[in-house]
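Participant: Here's a structure for you.
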Amino acid sequence: MSFMNELELQAYGRVAQALARHAYAMAESEDKDYRQAFPNAPGPIYYHWSTSTFEAVAHDLWRLGIFRPLDQTGAWAYHFVFNCTIDEANLVAERNAAAGPTLAELLITFINLFADFGTQYWGFSTNPNVPFGLNARLTPTFDALASIGYLTKSDQGYTWTYLIGPVMRASYFDEDWTAH
């Protein structure tokens, strides 16, 4: 993992917290489906559905110590519980960043998750030059990303900058981001 300055580390924590917030909402809505298999599990149970994006979320949050597996087999698990509150997830991620994904890798998971599973509810967009996210649920994350140059903030909302281009291309948003 490469060294991050204080603002980058704070943004890293906020991105991880956004992933945890999404995972928590998903886990709460599906908890009863998995409670029978794990009756003593504390808190809601997150299951990644063997879907690549949700697997990436689980993998990143597990590496950061935000998730704890319930059914670990080797380096793999399907079901997880939270090791911290969502409000503390950013601090846990900052503390454990050396064991976690790089900022770019975490951003790829973030882009993939919210582009596919959260554009309206979470106020998210992958379009260049189109403001989004004004007063959105992800405002703390957007503000943190703006503080390190990935977004600009205006009265209309947030707009991605050229810095996000490699992440967008790695997330297969090639058409919109080839010129960036």
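Participant: Could you work out how far the C-alpha centroid of the range 123-166 sits from that of the range 78-115, in angstrom?
Facilitator: Rounded to whole Å, the Cα centres lie 19 Å apart.
Participant: Which one of GLY100, ILE148, TRP160 has its Cα pushed farthest toward the positive end of the charge dipole of the chain, where Lys and Arg give +1 and Asp and Glu give -1 at the Cβ?
Facilitator: The residue sitting most towards the positive pole is GLY100.
Participant: Using the alpha-carbon atoms, what tilt in degrees (0 to 90, nearest 10) does helix 52-63 show relative to the longest principal axis of the chain?
Facilitator: The angle comes out near 80 degrees.
Participant: On C-alpha positions alone, give me the angle between the axis of helix 6-35 and the longest principal axis of the chain, in degrees, nearest 10.
Facilitator: 40 degrees
Participant: Now for a separate question. Among TYR47, TYR172, TYR24, TYR158, what is the fewest-to-most ranking by other Cβ atoms within 10 Å? Provide the component values of the computation, followed by the final result.
Facilitator: Values: TYR47 21, TYR172 13, TYR24 18, TYR158 26.
By the 10 Å Cβ count, ascending: TYR172, TYR24, TYR47, TYR158.
Participant: For a quick check: with amide H placed at 1.01 Å from N, whose amide H comes under 5 Å from PHE67's, ignoring anything fewer than 5 positions away on the same chain?
Facilitator: TRP62, ASN83
Participant: For the chain, take the longest principal axis of its alpha carbons; what is the angle in degrees between that and the long axis of helix 103-116, to the nearest 10 within 0 to 90?
Facilitator: Computed tilt is about 80 degrees.
Participant: Determine the gain in length on full extension of the stretch ASP155-ASP31; use 0.36 nm per residue of separation and subtract their C-alpha separation, reporting nm with one decimal. Walk me through the numbers before you get to the answer.
Facilitator: Details: separation 124, 0.36 × 124 = 44.64 nm, distance 3.86 nm.
Gain on extension, ASP155 to ASP31, equals 40.8 nm.
Participant: Treat every Asp and Glu Cβ in the chain as -1 and every Lys and Arg Cβ as +1, leave all other atoms uncharged, and give the resulting dipole magnitude about the Cα centre to the nearest 20 debye. Working shown, then result.
Facilitator: Working: 10 positive and 19 negative charges, 44 e Å.
Using Cβ point charges on Lys, Arg, Asp and Glu, the chain gives about 220 debye.
Since every read-out is calculated from the coordinates, none of them should be taken as a lab result. Predicted, not measured: the structure shown is a model, and the values here were computed from it. All Cβ positions, even for glycine, are placed from backbone atoms using ideal geometry, and neighbour counts span all protein chains on display.
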